[in-house]
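Here the structure is laid out as C-alpha cells; the discussion comes afterwards.
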Amino acid sequence: MPRARLFSRAAVLVALAALTLGSAGKHQAAAETGRQAEQQRVYLPLISSLGTPDLLVSGIRLIPNQTSFRAGEPVQVEVTVSNIGETSAQPFWVDLYINPGQQPQLNRTWPVTCTLTPCQGVAWAVTSGLAPGETIVLSTREGAFADEYSIWSGSFVTGTTTLMAYADSWNPGKAEGLSGDFNVANNLAVLRALNVTAERRERATGSRQ
C-alpha cells in the first residue's frame, strides 16, 4: 500500500479533531472521510489515570468462535476498544495485524509488518473518538472498516496463526498517538494459536476411460 495514501490517515483525523461539531456535523465529517467503522457502544466505570484518556484493547473475537479454519472459510473479526481514562480520546486509528513480523507500535501500521502471501490487514478510523468509559466494537464486516487502508478477503489465508490489534496506531512524525493517550501498555491485544490449513479441494468424480 503506497505510503502517500497512508499519510492521509493523519490528515483525516487531525482535521476532525480540530473541528467543534454538533451531531449533524459529525455525520457530515464521517461521510466525507468515506466509510465509518460500525460501532456498538456501552459505558464502563472510570478506573484509570487522572486527567487523560486511556485506550484499552480488551480483546479480539472471531465469528464463528473457533481457532481452526480452512483457507477461504468465511470469518469475521471483532476488536473491542475502551477508554478507561477520565477525559475523552480524540479521533484515532486502530490496526488489525495478521501474522505480523514485528510488534505493533505507533506508526508501524499493518502493511509494514505483513509476512503472509497474500498480505492482509485491516484499519479502522474511530472518527468520533471515545468518551470516558465508552467502548467501541470494531468489525471486519463489509463496509465496517476503512477500505482504502485495508486488504481483507473475509477469510484467513493458509498459515495464519496470530492476530494483533493496536489502538492509536498512526500519527506520523509524532511520539504520541492522535488520541491523547500516553499509556500505551494496554493498547495491544493478541490472539494466538490459530490453525488455518489449505482450502479443501473437491475430489474428481467419474471413472477413467
ask   = Residue by residue, what Karplus-based ³J(HN,Hα) values in Hz, rounded to whole numbers, does segment 162-179 have, using 6.51, -1.76 and 1.60 with θ = phi - 60° and x for Gly and Pro?
value = 9, 10, 9, 10, 10, 8, 6, 8, 9, 6, x, x, 10, 8, 10, x, 6, 6
ask   = If you rank SER82, SER68, SER139, SER153 by fewest surrounding Cβ atoms within 10 Å, what's the result?
value = SER68, SER153, SER139, SER82
request  = Work through the residues other than GLN90 whose Cβ is under 10 Å from its Cβ and net out their charges, Lys, Arg +1 and Asp, Glu -1.
outcome  = -2
ask   = By count of other Cβ within 10 Å, fewest leading, how are CYS114, CYS119 ordered?
value = CYS119, CYS114
ask   = When Lys and Arg each count +1 and Asp and Glu each count -1, what net charge do the other residues less than 13 Å away from THR67, Cβ to Cβ, add up to?
value = +2
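Read-outs throughout are calculated quantities, based only on the coordinates presented, and are distinct from any laboratory measurement. The shown structure was predicted, so the numbers you read here are calculated from the model rather than taken from an experiment. Reconstructed Cβ throughout: ideal geometry from the backbone, glycine too, with neighbour counts over all protein chains shown.
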